[in-house]
Amino acid sequence: MNTMVRAHIPRPHPHHREVIHKDVVIIGNGPSGITLSYLLSGHLPYYGRRAKHPVAFLHDRLYAAEETPLIDLNLRDLSEGLEGRSNNPVAVLFDALHHPEADVGLDNPSALEWRYEPERAVDHVVLGKNLPGGAWQSMEGDFLTLSLGAWMELPGLDFCKWLAAQGVEGKRATVHHVAQYYRHYVKAMDIEHNFSNFTNVTSVRRLSSFNDTESRDDGISSQEEASLRDDSSTCTSLQDEGCADCRELRESRAHSEGPSSGVRLVEDTNAELSSNTFCCGLPTCLSASATPKAEGTSLWEVRCARLEQDKEGSIRRVEELTYVTPKVVLATGTADLPNNLGTPGEHLPFVLHSLREVEESLRSGALGEGDRLLVVGAGLSAADAIIAARAAGVNVAHAFRRTATDKSLIFNKLPRSLYPEYHEVYSMMKGSEAKNYLALPRHNIQQILPSHVVRLEGENTCGAMAVNAVAILIGTRPDLSFIEAGTVLGEQNMDSSSNKVPPVQVDAFSHECPSHPGLYAMGPLVGDNFVRFLQGGALAIASSIMGQKRK
């Protein structure tokens, strides 16, 4: 007997889109997605057998449960009383165990011990626009990372030892080496098969839950569906010839000229549907073997396009895929879209919105010695642009809204001994004389003209400046436009340029969106912008998903 369950899923053309079921779909292949994939592959953290954590109450909590992986313990209880530089309690917990006393300058060994238990693995896929490493693969040059090298590592592969093997010394690493480490990590940890790189997600939407009480768009209520699930028929239509979808499938198979022409259902057996089975095999009819059976389970549809780069560097779309899954994890980061000033002329060709564009202009010669670049912003990207431009002999005018002595500026939080290049920029912002640099504190951009003239307004003055290029570097925000309309993820609108509140609101101990069961978020989307903290989000999500699977 093979009872069928109908879910409300729009049918793509059967010849163009493969449909795959996964227990978890992770969107984003940066450090967040990589760490979660490592955990879901069956690599579990334990409190070390010989560990003696400096926080006595944390040691006492974990010592009695040293033979139980952290994902099976109560993360709320373990996190209670801990303090750290993240607003997410599980992030603070993980960091306290992986980097004990890091915030007071100590480099203690990790208190975690990793064990591989493949029987605990969860079937998943990681979708990313680039190679593993996410936004790190889009950064270029020899800029040093803000974090110490040891804080860039992921579980199970010591970053400093790996860096030493590359012949590199020093407490901070370059962006290039960090990106290289993340690419190497997925191979070294044998999780590469979980990654679908160069894959662009185009749509994420929630499908009907199995216990929805309201009538759905396909005309089947939850009560009617329950009766169908209990019926001995092999098709939801209860007709010998099958439902319309099944008939269409059968006809398309009968007229197909090759094995790739029909709808394909990828299950654990990886077998195609037999010709006499009345099942569309997704996306309209879901077989019991390929569908979560828990009452109240929501399904999500993730549509994406797999891209390919040819020898000339052109990107082309080679395949469209649809994943149906009960769990979707948003791990996209927040660097997709640059924030805008809202100033007239902001989108003229000579106005740049990223550090990468500044580097490309310097490398191509579009900006050269003696030219003038107006940099707008008071963060680290603005500082990096200033450093790079001055090194190339470009004259820099630097406009920022605050006073140079504003205590909220990031430079005040960086030790001078570790970050001398940023403190040199900070000194210039405060009035220190320097060649090829002009500070414009408390200045706003009023208009950018096609004639390369920029009108500025200061605290007590207004003026105009001729420039060769403008670099507006005032932060970035996530692009979550692929999520279905009406899915409210946080207190902010999707297009908000504010970075004060995390774009996605989640439960503190599971990282699941309260109003959207089965949808999770981690990393910068929930306020964890540093690699050492975002790994706690992976622990929270893995604990939630694996805990539900055990039950």
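The alpha-carbon atoms of region 359-460, seen along their principal axes, cover 40, 34, 22 angstrom, with the largest extent given first.
In this calculation the C-beta distance from Asp190 to Glu119 is compared with R0 = 22 Å, giving a FRET efficiency of 0.85. Could you give the nm distance between label points at Thr403 and Glu80, where each point is 7 Å from its Cα heading toward the beta carbon? A separation of 4.5 nm, rounded to one decimal place. Full extension of the chain between Glu433 and Ser364 yields a length gain of 21.9 nm, computed as 0.36 nm times the residue separation minus the alpha carbon distance.
The simple Förster model, with R0 at 35 Å and r as the Cβ-Cβ distance, assigns Arg316 and His176 a FRET efficiency of 0.80.
Solvent-accessible area of Ile20, all protein chains in place: 20 Å² (probe radius 1.4 Å, heavy atoms, ligands and nucleic acids excluded). In a reduced charge model with +1 at each Lys and Arg Cβ and -1 at each Asp and Glu Cβ, region 322-432 shows a dipole moment near 460 debye about its Cα centre.
Within region 306-399, the trypsin sites (Lys or Arg not before Pro) that combine a DSSP coil assignment with at most 13 other C-beta atoms in a 10 angstrom radius are Lys311.
Each of Cys462, Cys304 has its accessible area taken with a 1.4 Å probe; listed largest first, they run Cys462, Cys304. Using 17 Å as the cut-off for backbone N distance, which residues of region 320-341 belong to the label zone defined by a point 7 Å from the Cα of Glu484 along Cα→Cβ? Answer for region 320-341: 322-330. How high is the FRET efficiency between Glu308 and Gln446 when r is their beta carbon distance and R₀ equals 51 Å, given to the nearest 0.05? Step by step, r from the Cβ atoms, then E = 0.70. Computed from label points 7 Å out along Cα-Cβ, the spacing between Arg50 and Thr202 is 5.5 nm. Taking only the alpha-carbon positions of region 360-413 and ignoring solvent, what does the Debye formula give for the base-10 log of I(q)/I(0) at q = 0.21, 0.26, 0.30 Å⁻¹? Taken in order of the listed q values, log10 I(q)/I(0) reads -0.75, -0.99, -1.19. Among the listed pairs Lys52/Lys413; Lys129/Lys161; Lys413/Lys435; Lys22/Lys52; Lys129/Lys435, which are separated by more than 32 Å between their Cα atoms? Checking Cα-Cα distances, Lys22/Lys52; Lys129/Lys435 exceed 32 Å. According to the calculation over all Cα-Cα pairs in region 29-86, the P(r) per 5 Å bin from zero is 4, 16, 22, 22, 20, 13, 3, 0 %. Within region 61-135, none of the chymotrypsin sites (Phe, Trp or Tyr not before Pro) combine a DSSP coil assignment with at most 11 other C-beta atoms in a 10 angstrom radius.
The values are calculated or read from the model by the stated rules, or taken from the named source; none is laboratory data. Every value quoted in this text rests on a predicted model; they were computed, and no experiment measured them. Here Cβ is always computed from backbone atoms with ideal geometry, including for glycine, and neighbour counts include all displayed protein chains. What goes into the accessible areas is simple: the full protein's heavy atoms, side chains included, and nothing from ligands, DNA or RNA. Shrake-Rupley method; radii C 1.70, N 1.55, O 1.52, S 1.80 Å.
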